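Peer 1: Please see the structure below; I have some questions.
Readers should treat all values here as calculations from the given coordinates under stated rules, not as data from a laboratory. What you see is a predicted model, and the numbers here were worked out from it, not measured in a lab. Backbone-built Cβ (ideal geometry, glycine too); neighbour counts: all protein chains shown.
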Amino acid sequence: MSTWVWILIAVAAVVVIAAIVLWLMRGRERQLKKDRAEASELRQQAEERYAEAGRREAAAEQEALRAKREREAADAAVRKADDVDPDVETPDDVDDVDSDVEAEAESRSES
C-alpha cells in the first residue's frame, strides 16, 4: 500500500474517533441536562413537602393548645362538681378533718 492510503486510513480513523468522542460528549451533556431537570423537580417537591409539614405542625400545635384548654376546663368542672357534691371529700374537707382529729388528740392528751 502506498503512503497516501495509510494517511487516508489514519485520517479516517481520527475522524471516526472524533465523531465517537463528540457523540459520547453530547450524550453525556444530554444526561446531565436530564439529571439537572430531575433534581430541580425533586427539590421543588421537597419544598412543597416542607411547606405542607410546616402547615401541619402549626395545625397540630393549635390543636394541642385547644386540647389543653379543654382539659383545663374539664378539670375545673370536676373541681366544681366535687365542691358541690356532699359525698366527695375535697382537700379543704380533709384539712378540716385533720384539724378536728388533731384538736381531739390534744384535748385527750391534756386530760
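Peer 1: Using Cβ contacts closer than 10 Å as the measure, can you line up 25, 1 from fewest to most?
Peer 2: 1, 25
Peer 1: Averaging over all projection directions, find the projected area of the Cα convex hull of the range 3-97 and quote it in nm² with one decimal place.
Peer 2: 11.9 nm²
Peer 1: Shifting gears a bit: Add +1 for every Lys or Arg and -1 for every Asp or Glu among the other residues with Cβ under 14 Å from the Cβ of residue 63, and state the total.
Peer 2: +3
Peer 1: Related question: Work out from phi, with θ = phi - 60° and the Karplus expression 6.51 cos²θ - 1.76 cosθ + 1.60, the ³J(HN,Hα) of each residue of the range 74-83, listed in order in whole Hz, and give x for Gly and Pro.
Peer 2: Taking θ as phi minus 60°, the curve returns 5, 4, 5, 5, 5, 4, 5, 4, 5, 5 Hz for the range 74-83.
Peer 1: Still on this structure: Sum up the charges of everything whose Cβ sits under 12 Å from the Cβ of residue 73, counting Lys and Arg as +1 and Asp and Glu as -1, but leave residue 73 out.
Peer 2: Net of charged neighbours comes to +3.
Peer 1: In whole Hz, with x marking every Gly and Pro, tabulate ³J(HN,Hα) for the range 29-45 from phi via Karplus 6.51 cos²θ - 1.76 cosθ + 1.60, θ = phi - 60°.
Peer 2: Coupling constants for the range 29-45: 4, 4, 5, 4, 4, 4, 5, 5, 4, 5, 4, 4, 5, 5, 5, 4, 5 Hz.
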